[in-house]
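Inspection log for the structure reproduced underneath, given as structure tokens.
Derivation of every value follows stated rules applied to the coordinates shown; laboratory data play no part. Treat the numbers as computed from the prediction; the structure is a model and nothing was measured. Methodologically, a virtual Cβ is constructed for each residue, glycine included, from the backbone with ideal geometry; neighbour enumeration extends over all protein chains shown.
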Amino acid sequence: MSLRKLTIAKIDALIGAVGKRNQLLVKVTTENGLIGWGESGLSGRESAVVGAVQHFERFLIGKDARQIARIWQEIYRSQYFEGGRVLTAAQSALDIALYDLLGKALEVPVYQLLGGRQRDCIPSFASTSGGCDENAIEEVRQLVALGWDCVRVAPCGHNAVNKFDPRRSLAETATRLIELRKAIGTEITLGIDYHHRLSVAEAASFCQRMPSGTLDFLEEPIRNETPDAYASLRTMTDIPFAIGEEFSSKWAAAPYLERGLTQYMRLDICNIGGFTEAMKVAGWCEQHYIDLMPHNPLGPICTAATMHLSAAVANLSWVETRQAPTESLGFHDMKLFPTQTEMQGPVYLVNNRPGLGVEVNEDAFCQSTPVDYEPPHLHHPDGSVTNW
């Protein structure tokens, strides 16, 4: 195929139900009929992202799809109010689709466009199905028996429908984690995701309730808008932090890297700006000896993009998987995505298919009517609103 020019002819934003949630795919088609696929990471707010994609389409039609970095800059800088999670979620999907396009045109995997692969397989961490309750020990043992050496649990009360009591949760969870660590020994890497539901004082109290070595990482204990809050928390505990899934740019990541406020970078390629931005953050992390631990909670397009990124960087710990037997979320439906990234036990295999290496059954996806999904709206026992 001639690479003199790959002219963008059409951009479609498609929402379909996959498992219990919706996925937003972005399809970029060139004048010669080549198709690239991307995925947006702003789960639960897909309609807002569709509007951004439709706006970007107006000035991207006729552009040369090979100029990926230039297109990234034009999308980001073409309005006075740059960035933000809605716009960069749309931008991420477009960037991923353009890399998929170029890989297909050149008949090489995307990781080859990023400098080639540095590993043959991608290790993952798995999550238990519920909170840190009496079933967690058995589920962790099940995952360890299947080969996982890094496991994440959720706090007690995580799956509450309406109410979340942080003080009760942290007390119960700390006790359960001590029991869990005794049961599984010291060799398994153990982490917990508090879904940014705590205050600084609550997070510190949680950490101080457990013996040293109980936890290997604490994920998103508080919100990330204020780096100084994390700096304060950092002085109160020595547990490594895993932060970054909400970052929508390298600028959001910067203070966490420069000030040592995270020890694992949880960037999400479908939110941070696609491959173009993720590779810059990865290089910045390498400078500070920080490994990537990519957020990967979506479907096969997100998973494939995450694996290509992970194959191409030097500094990787584990990637998130939602395909472990303890979670039956259905986000990787084979009927909708007949070809996708393969897993072998706890690792993803790096394949050499062109582009992302994912096949989309577009007709079936478009017929999968979006579900009426809204994340839980949680409140404290006193009735005040808190984070989901």
Alpha carbon centroid spacing (whole Å) that separates the range 1-41 from the range 138-190: 38
message: Counting only helical runs of four or more DSSP H residues, what would the 222 nm mean residue ellipticity of the chain come to if each run contributes -39,500 (n - 2.57) and the total is spread over all its residues?
response: -11000 deg cm²/dmol
message: Tell me the relative contact order for the range 49-191 as a rounded percent, counting alpha carbon contacts under 8 Å between residues six or more apart.
response: 18
message: Taking θ = phi - 60°, what integer Hz values does the Karplus form 6.51 cos²θ - 1.76 cosθ + 1.60 yield along the range 203-220, in sequence order, with x for Gly and Pro?
response: 5, 5, 4, 4, 4, 6, 7, 10, x, 4, x, 5, 10, 8, 7, 10, 9, 6
query: Each residue of the range 313-324 in order: what ³J(HN,Hα) in whole Hz does its phi give by Karplus 6.51 cos²θ - 1.76 cosθ + 1.60, θ = phi - 60°, with x for Gly and Pro?
result: 9, 7, 10, 9, 9, 9, 9, 6, 10, 10, 10, 5
- prompt: Long-range amide H contacts for Thr237: which residues qualify at under 5 Å (H placed 1.01 Å from N, peptide plane, sequence gap of 5 or more or a different chain)?
  reply: none
- request: Just flag the GluC sites (Glu not before Pro) in the range 122-208 sitting in loop per DSSP whose Cβ has no more than 13 other Cβ atoms within 10 Å.
  value: Glu134, Glu187
- request: Would you kindly derive the ³J(HN,Hα) couplings of the range 25-34 from the backbone phi angles with the Karplus curve 6.51 cos²θ - 1.76 cosθ + 1.60 (θ = phi - 60°), listing them in order in whole Hz, with x for Gly and Pro?
  value: 9, 10, 10, 10, 10, 9, 4, 8, x, 6
Residue (of Phe81, Ser92, Ile68) at the positive-pole extreme of the range 8-111, dipole from beta-carbon charges: Phe81
task: Please work out how much length the chain gains when fully extended from Arg209 to Gln73, using 0.36 nm per residue of separation minus the C-alpha to C-alpha distance, in nm with one decimal.
output: 44.3 nm
- request: Express as a percent, rounded to the nearest 5, the fraction of DSSP beta bridges in the chain (both residues included) that run antiparallel.
  value: 50
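Using the Cα centre of the range 172-312 as the reference point, and only Cβ charges (+1 on K/R, -1 on D/E), how large is the resulting charge dipole? Debye, rounded to the nearest 20.
On the way: 11 positive and 18 negative charges, 23 e Å.
With Lys and Arg at +1 and Asp and Glu at -1, about 120 debye.
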- prompt: What residue among Met279, Met293, Met334 has the largest mean-square fluctuation in a Gaussian network model of the chain, using Cα springs under 10 Å?
  reply: Met334
message: Rounded to the nearest 20 debye, what is the charge dipole size of the range 8-111 about its Cα centre when +1 sits on each Lys and Arg Cβ and -1 on each Asp and Glu Cβ?
response: 220
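Could you tally the net charge around Pro109, taking each other residue with its Cβ under 11 Å from the Cβ of Pro109, Lys/Arg +1 and Asp/Glu -1?
On the way: positive: Lys104, Arg117, Arg353; negative: Asp100, Glu107.
Computed value for this residue: +1.
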task: Sort 25-36, 337-348 for me by packing, meaning the mean count of neighbouring Cβ atoms within 10 Å per residue, highest on top.
output: 25-36, 337-348
- prompt: Given +1 on the Cβ of Lys and Arg, -1 on the Cβ of Asp and Glu, and no further charges, what dipole in debye does the range 115-352 carry about its Cα centre, rounded to the nearest 20?
  reply: 160
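Relative contact order for the chain: what is it in percent, counting Cα pairs under 8 Å that are at least 6 residues apart? Kindly include the intermediate steps, with their values, before the conclusion.
Values: 836 pairs, mean separation 85.9, N = 388.
Taking the mean separation of contacting Cα pairs over the length of the chain, I get 22 percent.
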